[in-house]
Amino acid sequence: MAIARHMVKVNGVRRTVKADGDMPLLWALRDHLNLTGSKYGCGAGLCGACTVHVDGRATRSCQVRLADTAKKTITTIEGLSKDGTHPLQKAWIEHDVPQCGYCQAGHLMQAADLLQRVKAPSDADIDEAFRGLVCRCGTQPRIKKAVLAVAKAGARK
Amino acid sequence: MNPREANTIDRRRFLVVTAAAGGALLVGLHADDASAKTRKHAKPPPAAAPVRPNELAAWIRINRDNSIEIAIPRQEMGQGVSTSLMMLLVDELDGDVARVTTYQAEANQKYGPQGTGGSQSIKQSWVPLREAAATARAMLLQAASLTLKVPVQDLTVDKGVITHAPSRRSLRYGELAAAAASLPKPENVATKSKEQRKLIGKPMRKRETRDVVRGVQLYGIDFKLPGMLVGMIERTPVPGARPRYDAAAAMRIAGVVKIFEVPAVADKPLFIRGGVAVLARDTWSAMQARHALNVTWDGGNANEESTLVAAKQAEAVQRPGAQFASFGDIDGALTIPDLVAVAAEYEMPMLAHATMEPMNCTVQINKDGTVQGWGPSQNPVRAQQTIAKLLGLDQAKVTFQPLVMGGGLGRRSNSDFAGEAALLARQADGAPVKLLWTREDDFRFDHYHPMTRAKVEAWTTKDGSLVAWRHHLASTPVGSMFALAPGTGPAAFESAGIGDGFLYDAPNASFRFSGVETATPRWWWRGVSWVYNVFAVESAIDELANALNQDPLAYREQLLSRTKQVTRVQKHARGDEEIVLDHARMTKVMQEATQRIGWNYQPGPGRGMGLAVYEYDGSYAAIAAEIAVDAKAGMQVKRIVAAADVGTIVNPLALEAQIVGGVIFGLSSSLRERITIEKGRVAQANYGDYEVARMPDIPPIEVILLENGAAPTGAGELAVPGVAPALANAIFAATEIRVRKTPFYAARPELKPAV
Ligand code: FES
Ligand code: FES
C-alpha cells in the first residue's frame, strides 16, 4: 500500500495520480481526477455503474487497480464524445431514457462497446450485454429501444 | 385572509406576487409563522402588507430580461418532477419554455410540502401551482392593459409576449414585471380549461438528460468542497453490540485523519446504529481504514431470525388481532346455505430499497455556529431538522440544500444518513464531511419494507356474489417507526387497499391487524402497503374465480358491475375522510389492459395469463401478464400490459416511464428480491446475494394511459403492487400451482430460469 505516482491516459489526456496502486480506477477517477461521471454502485463488479472503456472494451472500473492502468487507454463517459453528440447520447435524449440517471453512464459505455462489436444486435445480444448492469428505476426498455435505434441508423449509413 | 387562498395549500400561507430587485416579479408563498425565520411575527401580517423577497418562497421569478427562473420545491429522483411542476407553472403563466431554468429549492418550510413520496407531488401541486401562475399572468395582462391603454380582453398572450393585435403592439413579460408586481393581487383567477393548455398533456423530455448522458449531472455522491473529508461508519451489526478494534492500524493507512466511535441514536424514525467512524482524505483510504480496524463485536441482541418472525406471523393470523375496519356481519352472513369458501395465506419478505446511489450526505459546521448540509433527500426539511437536533441547534441555524438523487424509492424520506453526517462533522474541526455508505452498508443497514403475512377467508354464493371477506394482516409495522399521534390506529401505515379502501363491494367484511415487532427497522418502500395488500386481495379474488370455475376476468367484471362506486368514510384523528372507489373507472382500465393483451386465460400448454386490478389513492391500474413455463427452462414472462388512469395526464412521456419503472420494480421484487435476518444480522450484502431484475428478466411492457378529465392523482408507485398478483395468477393459469409467497423464484425454484 505504498503511495506512488501513477500515469494514466484518460479521455486522451495523460494525467498523474498520486495514490495507492491498489486503489480501484473508479476512485482514482472520481476522487483524484474529478471525473465523477463514472458511478459507484457496488464496488464488486455486480452492477456496472462504474463501467468505462479500457483499451476500447467495457470494463468495470471498480475492479481495475490503478497500478494496472499504466499502459492502457481509458475512456470515461465524459470522454465518450467531445460535446455530448455521440449517436448513443443523442438517442438517449431522443428516447428520454434516463430516470434518476445514476446508472446511465455505465449503460452508455456498455452500449458503445456492444455496438462496436455487434453492428446489428438482436434482442438476445442486448440482454446478454446488459446482464451485468443494474438499473433500479426500470429504464431497460427505453435503453433497448435507443440501442436498437442507433444500430438501425448505423446500418442505413 | 382570503379563505380561498387559505385553502390552497395551508392556512398559514399567502400567495404573494411581489417585486424584487432588478425589476423582477416573484410569485410564491409567504408564510406568516410556518418557518423558524418568520416565527417572530407576533400576528400574521395582512395579505396586502409588503413582503420582503427573502421572506418569500418563490416558485416563479420573471426577470427583466424575460428569463424565468422556477424553483422546484419537490425532490427529483428520476420521476421527472422538475419537468412536470415546471409544466404546471409555465403553462398557466403562458411563459416561454425556452427561457425557463429550474433549480432545486433549498429546505424551507415556506415552500409548503417539500417531502416527496407517496406519489403526491402532482396531486398536491395541481391546484396551488396553477393558481399562482394564473394570478401572475392576470397581473401581467393587467399591467399591459394599463401600459398600452387597451382593454385586457383585446390582448393575447403567447410565450411570454402580450400582444395587442389591432395596434400591432406587443410587450414582453420582462418589461412588465415591475409594473405588474405593483398592482393589487386579483382574487379567484380562473385557471385554464383543458383546451387552453399548451404544455400540460403533451410529452416533454427531461432536460437533465443532457447532463446525464455527458456524466456531468451532480448527484449527492459527487458533491465536493475544498478540504472535504470522506466519512464512513463501521456500524454495529446487531443492536447493543460493543466494538473491539485496532484504531492504530487504521490510522497507519495514508490519508486517514481520525477514528472515533459514534453513538447509536434511538430516536424515531432515525434508528442510527452507531459504530466506529473513519474520517479520511478520500474514499479509498476510508474503505481501507475500515478494513484495517478489524472490528469484532461483543454482545448485543443477535437473536432475531426471519424464520422466527415468520413463525410469529403465522401464529398471529390465527388469533383475533385488532380489527381496524368492518362492514356488515360475517357470522350472520355465513348462515346462507351453499356458500363457496376460499381460505389462503400470502407471504412477502422484507425488502431492501437498494437505490443505485448509496446513502450519503455532506455536512459542514462553520466557525460562526451555523451549519450547512447538502445531500440527496426525499425530505429536505426532515434532513435539516435531524441535523439541527443531533447537533443541539435551532433549526434556523441549519441550511440544507437537496441534491439530485440516484433513486429514492422511499428510502430517502428518512434522514438517518443526514444525522450520521452531522455526528461525523462534529468531529471534523470545521472541515466538511461527506458521509458515504458502501453498497454493503446500504443492504445491511437499510430500513426495510416490512415482512408480512395475510390470511384471507372469503365466501361467495355459487352465482358469484361476494358474501363475506375476512382479512388478517400480520406485519412488522412501519407505523411503529414513528411516535404516532394519539388516536392513530395500529394499522394506519399498513392498510392501503384493504379495510375502508377495499376495492370490492363485500357486504360483510372484517379487517384485522397484528403487529410483530422486530429490531430491524422498517420504512416506506415504493408502493408501501399496497404491495402486500393488493397481492393478497388480487390473489384471493383469483382463487375465488377458480373455485367457481369462472374466468378471472369475467368474474372481476361481474364483481365490479354490481355497483357504480363504493364510498366509505374513514375516521381519522384529524377528521373524517371519504374514500371513493369508482368501479366504472376500474372496469375501464381492466378492459383496456385485457383487450390489449388479448385475454385468454390459458393461451396454450405451459402458458397462462394473469390479471390484477386495484385503486391506488385515487388512481386506477390493471396489470395483465402472460407467462410461459417450461420444465427445463423455468418460467419466462412473455408480456406485461399495464393500463393506468391517473386523471389528467401532465406529461405522458414521464408517466409512461413511471408506469414501466413501477412494473419492473414490482417484477424484480416478485421474482427475486428478499432480505433475511440471521442471528440478528441482515444476510444479504450486495447485488450478488440480493438479486434484482436485470435486462434478461424484462419482458416487453406495454402501457395504456387513459385520459380522464379528473384532477391528476399519483403515478410513481401505481404500477408496483399489481405485478406480483398478476404473475401469481398467470402461474396458476399455466400450471395450476398457486404461489402465495414472494419471491417466486425462491418459493418455487423450478420456476427460476437457468442462466
Ligand atoms: S460499482 Fe463497479 S460494478 Fe458496481
Ligand atoms: S435511471 Fe435510475 S438507476 Fe437507472
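What to note about this one:
- Chain B - percent relative contact order, Cα under 8 Å, separation 6 or more: 13 percent
- For B:Asp282, the residues 5 or more places off, or on other chains, whose built amide H falls under 5 Å of its own are B:Val230.
- Excluding ligands, DNA and RNA, the accessible surface per residue across the stretch A:87-153 is 31 Å² with a 1.4 Å probe.
- Listed values for the stretch A:58-70 are Karplus-derived 3J(HN,Hα) couplings in whole Hz (6.51 cos²θ - 1.76 cosθ + 1.60, θ = phi - 60°), namely 4, 9, 7, 5, 6, 10, 10, 6, 3, 4, 8, 9, 3, and x replaces Gly and Pro.
- Reduction of at least 40 Å² in accessible surface, 1.4 Å probe, comparing all protein chains with the chain by itself, residues of the stretch B:312-358: B:Met356
- Alpha carbon centroid spacing (whole Å) that separates the stretch B:124-145 from the stretch B:550-606: 38 Å
- Once you reduce the stretch B:664-738 and the stretch B:440-513 to the center of their Cα atoms, the two points are 19 Å from each other.
- Solvent-accessible area of the protein assembly as shown (1.4 angstrom probe, protein heavy atoms only): carbon and sulfur portion equals 51 percent.
- Degrees separating the helix A:104-117 axis from the principal Cα axis of chain A, which is the longest one: 70 degrees
- Phi-based couplings in Hz for the stretch B:103-113 (Karplus 6.51, -1.76, 1.60; Gly and Pro marked x): 9, 7, 5, 6, 4, 6, 4, 4, 6, x, x
- Rounded to the nearest 20 debye, the dipole magnitude of the protein assembly as shown is 2780 debye, with +1 charges on Lys and Arg beta carbons, -1 on Asp and Glu beta carbons, and the Cα centre as origin.
- Computed from backbone phi, the HN-Hα couplings of the stretch B:152-168 come to 4, 5, 8, 9, 10, 10, 8, 6, x, 10, 9, 10, 10, 4, x, 9, 6 Hz, rounded to whole numbers (Karplus: 6.51 cos²θ - 1.76 cosθ + 1.60, θ = phi - 60°; Gly and Pro given as x).
- At least 50 Å² of accessible area lost relative to the chain alone, listed for the stretch B:687-712 with a 1.4 Å probe: B:Arg694, B:Met695, B:Pro696
- Helix-only arithmetic for chain B: the sum of -39500 (n - 2.57) across DSSP H runs with n ≥ 4, divided by the residue total, places the mean residue ellipticity at 222 nm at -8000 deg cm²/dmol.
- Accessible area per residue in Å² at 1.4 Å probe, computed on chain B: 37 Å²
- Too-long pairs where the Cα-Cα distance tops 20 Å, listed order kept, from A:Lys9/A:Lys71; B:Lys312/B:Lys455; A:Lys119/B:Lys638; B:Lys312/B:Lys679; B:Lys149/B:Lys192; A:Lys39/B:Lys268: A:Lys119/B:Lys638; B:Lys149/B:Lys192; A:Lys39/B:Lys268
- Low-density loop positions, trypsin sites (Lys or Arg not before Pro), the stretch A:84-127 - DSSP coil, at most 12 other Cβ in 10 Å: A:Lys119
- For the stretch A:102-131, a reduction of at least 40 Å² in accessible area between the chain on its own and the assembled protein chains (probe 1.4 Å) is found at A:Tyr102, A:Asp127, A:Arg131.
- Contact surface A-B: accessible area buried, both sides summed, square angstrom, 1.4 angstrom probe: 4700 Å²
- Using Cβ point charges alone (K and R +1, D and E -1), the dipole size of the stretch A:87-153 about the Cα centre works out to roughly 80 debye.
The values are calculated or read from the model by the stated rules, or taken from the named source; none is laboratory data. Predicted model, so just to flag it, every value in this text is computed and none were measured. Glycine also receives a Cβ, built like all others from the backbone with ideal geometry; neighbour counts cover every protein chain displayed. What goes into the accessible areas is simple: the full protein's heavy atoms, side chains included, and nothing from ligands, DNA or RNA. Shrake-Rupley method; radii C 1.70, N 1.55, O 1.52, S 1.80 Å.
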